[in-house]
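S.K.: Can you keep this structure in mind? I'll have questions shortly.
The values are calculated or read from the model by the stated rules, or taken from the named source; none is laboratory data. This is a predicted model, so every value here is computed, not measured. As a convention, Cβ positions derive from the backbone with ideal geometry for all residues, glycine included, and neighbour counts pool all protein chains shown.
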């Protein structure tokens, strides 16, 4: 029996080649996987943001590496195939591959001798080629085409970048000054309210202070307008909540005030003077308590005493409601004042340049476009307006377009009243009503308050472009008469 | 190089030398046809039989004669004609009278009782006569009556066919074509070779082949061929080639599916393997390579494919089908071999 020589030199050579094969396979699979994933990413990039694209690219790259590792490590490498490849490359005509397969145990002794000769020749034929000689290391076709999907991925990123809005310009000095003044005024308002409303919830005051702090930061006019609008929305919601609470309290107080004891306070209650009403109720309470004490000293009838006690309890309940109403009224007052202030600030800021949207900057109903240097010259005057907004209630309508208040507009005037400077068009109309000279059936103040409330609702709903709000607000302020023209008996009202 | 392998190396080297010597000797008489000669000699050492097909005048008969001259063996030529009888091939029993007047039956051997048989124009004899020879080719024996007579080894039949003049012939049925190890097509020679043929055959210089191998040596070489080992992946390659000749197999190319009715039998795989072993030894190798198998595929399989009607109508050649098969079948299928 022929002793077969060891096959180990051939096995070792093939193992080395197989390892090289795995490495080459890793890079080829990686290239192909990255190409395919890049094509997928090129499609997906059109539907996601740039940052998401970046994360996806990293994820896909990691996935490609994992796939390549799996392909290189997990897929078995056929050693016979590797040996055959070596044979084909070197020209040994299946010598190594045959030596790996031809085993001991051939039938005839001569057969074993053949196997031995094959093994000897195979061992001598090793070391003539390396992995890169056997397997193509040239760049795969997919990798050569890789720049195409990569560029395709960059296209939506570039489109996204080029469509990005430019950063807002730094606020003009006049705007900065306006914002600083607004911040100072809001802070003053908040401090004043804090002193007066010490017992009330301080949330709204804190929000005003926060806005004041925000306006002091390096904020653009656009962002300031957004902050103002946001706070106005929040405070208006609180105002509505308080309004509905007040209505409930008023109903309850009205029920409690039906008796004789509250007769004196009823008028004050109807007029909204809850503090005065509460004081009157306190006086009444004091009297009743004296009366009760007297009755107890005199040992009056039980029923009588009980009656007085009930009256006292009812009045105490009413007093509590009135005190709540008073406090609520103060809080509401603060909110309304704040909302008005915010609206004025917003309107004044809207008149300044540097606003987003040319149509708003340029569209001044009835006014010509002002040159920039003219705007800067008006800055001083505008700053004064901001500092004392509550004393500058309305500027009146522009006579140039609307003409005298009593004159109906002609067709020519209507056309003239269209926006001159802005890009958009807008129309306006006039409502003509009959005036029969009869007395109004609705109290002036009542109608005024209703109109004001409606106007406030309209404005605070923010369906109106910010630049227009001030004008609309002024329009309703025009309707509000001063003390000299107020009709007699209209009463004070908020 | 160890002592154990020295002997086998010497034997293989001797085989290669003798193989080349025989081919060279035959080449003295036959101009060109180097591949033809090598195939015929491969068939001899593969212990098979070879069918030669070519138009008349290409030297088929002369090649066989040259082979027979180059080896120390008995040679006989059988010219197949339509009136040839089986007894004309295998022999017959005749009544002979001895000197003493005693009559007895004696078997007179036919021409088949030789080592190298030239069965010329085998397709001209009747099927009955053809089968007599084909049985001898398969069994290496002849049965006459109740007696079986073994044929002397080596027994090598070279049949010839003329692809022209198919009228009045009896084409060998496929089952009998299968008996031939190889079918070799003889084509026209090139110009230079033809010039040399003219010089040799019309001039005074006619080299003759001399015997260079004895019968015993041929038998030794035949035994050595059988000892050559073949690796598993090479065997599987041969099997895949044969399977690819069957229509609708998983490895069959489109041309096979379209034009082939029946593919090769397992004898085709045997023929490829045997031929590959001889080829390996003739090149001095101790193992069979896939290249040996692919070189032997056409001679071994071209006569074992049966074309369908479409193939016949399209005048498709089995060689074209074999080209498609060799192109479609990979030498190694990754993952299907057992890692060593």
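S.K.: Of the residues A:240, A:251, A:307, A:282, which single one is buried (at least 16 other Cβ atoms within 10 Å of the Cβ), without any contact (Cβ under 8 Å) to a residue 60 or more places away in the chain and out of contact with any helix residue (DSSP H, G or I) (no Cβ under 6 Å at 6 or more places or on another chain)?
M.R.: A:282
S.K.: Inspect segment B:64-81 for any residue being farther than 27 Å from residue B:215 by Cβ, out of contact with any strand residue (DSSP E or B) (no Cβ under 8 Å at 6 or more places or on another chain) and buried (at least 16 other Cβ atoms within 10 Å of the Cβ) and give the result as yes or no.
M.R.: no
S.K.: Quick test for you: out of B:122, B:117, B:40, B:30, pick the one residue that is surrounded by 18 or more Cβ atoms within 10 Å (Cβ to Cβ), without any contact (Cβ under 8 Å) to a residue 60 or more places away in the chain and within 23 Å of residue B:267 (Cβ to Cβ).
M.R.: The match here is B:117.
S.K.: Which residue, of B:240, B:179, is crowded, with 18+ Cβ neighbours inside 10 Å and outside the structural domain of residue B:45 (by TED's automatic domain parsing)?
M.R.: On inspection, the qualifying residue turns out to be B:240.
S.K.: Report whether or not residue A:246 is assigned by TED's automatic domain parsing to the domain that holds residue A:343, free of Cβ contacts under 8 Å to residues at least 40 places away in the same chain and closer than 30 Å to residue A:344 by Cβ.
M.R.: no
So that you can scan it fast, the table gives a plain yes or no per residue for (1) without any contact (Cβ under 8 Å) to a residue 24 or more places away in the chain; (2) farther than 20 Å from residue B:280 by Cβ; (3) in contact with a helix residue (DSSP H, G or I) (Cβ under 6 Å, 6 or more places away or on another chain):
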| residue | (1), (2), (3) |
| --- | --- |
| A:36 | no, yes, no |
| A:44 | yes, yes, no |
| A:47 | yes, yes, no |
| A:59 | yes, yes, no |
| A:72 | no, yes, yes |
| A:115 | no, no, no |
| A:124 | yes, no, no |
| A:132 | no, yes, no |
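S.K.: Working only within segment B:87-109, note down all residues that are surrounded by 10 or more Cβ atoms within 10 Å (Cβ to Cβ) and either touching a residue at least 24 places away in the same chain (Cβ under 8 Å) or not in a strand (DSSP E or B) (or both).
M.R.: B:87, B:88, B:89, B:90, B:91, B:92, B:93, B:107, B:109
S.K.: Just to check your reading of the model, which residue among A:186, A:134 is over 34 Å from the mean Cα position of the chain (by Cα), surrounded by 14 or more Cβ atoms within 10 Å (Cβ to Cβ) and either modelled with pLDDT under 80 or within 14 Å of chain B (Cβ to nearest Cβ) (or both)?
M.R.: A:134
S.K.: Moving on. Between a first residue in segment B:2-18 that is within 18 Å of residue B:214 (Cβ to Cβ) and a second residue that is modelled with pLDDT under 90, which pairs have beta carbons less than 9 Å apart while being 6 or more apart in sequence or on different chains?
M.R.: The qualifying pairs are B:11/A:110; B:11/A:113.
S.K.: Next question. Within segment B:300-316, is there a residue that is at pLDDT 90 or above, within 30 Å of residue A:77 (Cα to Cα), away from every other protein chain (no Cβ under 14 Å) and touching a helix residue (DSSP H, G or I) at 6+ places or on another chain (Cβ under 7 Å)?
M.R.: Within segment B:300-316, none of the residues are at pLDDT 90 or above, within 30 Å of residue A:77 (Cα to Cα), away from every other protein chain (no Cβ under 14 Å) and touching a helix residue (DSSP H, G or I) at 6+ places or on another chain (Cβ under 7 Å).
S.K.: I'm told residue B:332 meets every condition in (1) surrounded by 17 or more Cβ atoms within 10 Å (Cβ to Cβ); (2) over 26 Å from residue B:24 (Cα atoms); (3) in contact with a helix residue (DSSP H, G or I) (Cβ under 7 Å, 6 or more places away or on another chain); (4) more than 14 Å from chain A (Cβ to nearest Cβ) except one. Can you identify the failing condition by its number?
M.R.: Here residue B:332 meets the rest and fails (4).
S.K.: Please work out if residue B:169 is over 13 Å from the mean Cα position of the chain (by Cα), not in a loop (DSSP other than H, G, I, E, B) and not assigned by TED's automatic domain parsing to the domain that holds residue B:268.
M.R.: Judged against the criteria, residue B:169 is not a match.
S.K.: Considering only segment A:196-203, I want to know if a residue exists there that is modelled with pLDDT of 75 or more, touching a helix residue (DSSP H, G or I) at 6+ places or on another chain (Cβ under 9 Å) and either buried (at least 20 other Cβ atoms within 10 Å of the Cβ) or part of a helix (DSSP H, G or I) (or both).
M.R.: Among the residues of segment A:196-203, at least one is modelled with pLDDT of 75 or more, touching a helix residue (DSSP H, G or I) at 6+ places or on another chain (Cβ under 9 Å) and either buried (at least 20 other Cβ atoms within 10 Å of the Cβ) or part of a helix (DSSP H, G or I) (or both), which makes the answer yes.
S.K.: If you check residue B:209 against the conditions, is it modelled with pLDDT of 85 or more, surrounded by 14 or more Cβ atoms within 10 Å (Cβ to Cβ), on the phi < 0 side of the Ramachandran plot and out of contact with any strand residue (DSSP E or B) (no Cβ under 6 Å at 6 or more places or on another chain)?
M.R.: So residue B:209 does not fit the description; no.
S.K.: Something else: Only one of B:51, B:58, B:84 is modelled with pLDDT of 90 or more, more than 14 Å from chain A (Cβ to nearest Cβ) and either buried (at least 20 other Cβ atoms within 10 Å of the Cβ) or over 23 Å from residue B:273 (Cα atoms) (or both); which?
M.R.: B:51
S.K.: Any idea which of (1) modelled with pLDDT under 95; (2) within 21 Å of residue B:44 (Cα to Cα); (3) within 10 Å of chain A (Cβ to nearest Cβ) is the one residue B:267 doesn't satisfy?
M.R.: All conditions are met except number (3).
S.K.: Follow-up question, since we're still on this one. Of all the helices (runs of 4 or more DSSP H) wholly in segment B:224-340, which have at least 2 residues that are closer than 16 Å to residue A:87 by Cβ?
M.R.: Where helices (runs of 4 or more DSSP H) fall fully within segment B:224-340 and carry at least 2 residues being closer than 16 Å to residue A:87 by Cβ, they are B:232-244, B:266-282, B:290-301.
S.K.: With respect to residue B:46, is the statement that it is assigned by TED's automatic domain parsing to the domain that holds residue B:122 and surrounded by fewer than 24 Cβ atoms within 10 Å (Cβ to Cβ) true?
M.R.: No, not satisfied.
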